[in-house]
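Trainee: So that we are looking at the same thing, I have put the structure below in structure tokens.
Throughout, read-outs are computed from the coordinates displayed, never taken from laboratory work. None of these values were measured; they are calculated from a predicted model. Note that each Cβ is placed from the backbone with ideal geometry, even for glycine, and that neighbours are counted across all protein chains shown.
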Amino acid sequence: MTEKQLPRQLAKNIEWVRETLLEGAEGKLDKESLSVVMLRFLLENDELPIREVLKQFDKTEELQKGTGLFLFRYLIAKKELIIDMTKKIDLSSKVSDLLI
């Protein structure tokens, strides 16, 4: 299957999450163990907007700004978070509204 055969939004979403799987994309971040913490944090705060949860995660875990977003993308790429990849990923929506 080629990129032209994929729905446009699906291709964009795959591209958006894919780079988190590449070796060295995370720098010195322990994405395996932190992603477990992130998953728990998302599920415990599933009535909040995703953007807000990611910001709170960075502050709570004392991580560099943007780490939560990276881990969110990583969880999607690893299929730990199941979402509809054919739709635009709206970070202003609630966690519970995005998950399938």
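Trainee: What is the fewest-to-most order of ASP90, ASP46 by other Cβ atoms lying within 10 Å of their Cβ?
Mentor: The order, fewest Cβ neighbours first, is ASP90, ASP46.
Trainee: A further question on this structure: Straight distance only, please: which lysines reach the Cα of LYS12 with their own Cα at less than 20 Å, same-chain residues fewer than 8 apart left out?
Mentor: Excluding near neighbours in sequence, the set is LYS4, LYS78, LYS79, LYS87, LYS88.
Trainee: Still on this model: Charges at C-beta only: +1 for Lys and Arg, -1 for Asp and Glu. How large is the resulting dipole of the chain about its Cα centre, in Debye rounded to 20?
Mentor: So the dipole magnitude of the chain works out to roughly 380 debye.
Trainee: Give me ILE100, ILE89, ILE14, ILE76 ranked fewest to most by other Cβ atoms within 10 Å of their Cβ, as a rough exposure proxy.
Mentor: In order of increasing Cβ crowding within 10 Å: ILE100, ILE14, ILE89, ILE76.
Trainee: Compute the signed sum of charges (Lys and Arg +1, Asp and Glu -1) over the other residues within less than 12 Å, Cβ to Cβ, of ASP97.
Mentor: -2
Trainee: Also, I was wondering about something else. Using the 10 angstrom Cβ neighbour count as an exposure proxy, how do MET85, MET38 rank, fewest first?
Mentor: MET85, MET38
Trainee: Got a sec? Charge dipole of the chain, +1 on Cβ for Lys and Arg, -1 for Asp and Glu; which of LEU99, SER35, ILE14 is way out at the positive end?
Mentor: Of the listed residues, the answer is ILE14.
Trainee: What angle, in degrees between 0 and 90 and rounded to the nearest 10, separates the Cα long axis of helix 8-18 from the longest principal axis of the Cα atoms of the chain?
Mentor: Taking the Cα atoms of the chain, the angle to 8-18 is about 40 degrees.
Trainee: Which lysines have a Cα lying under 19 Å from the Cα of LYS55, excluding residues fewer than 8 positions away in the same chain?
Mentor: LYS31, LYS65, LYS94
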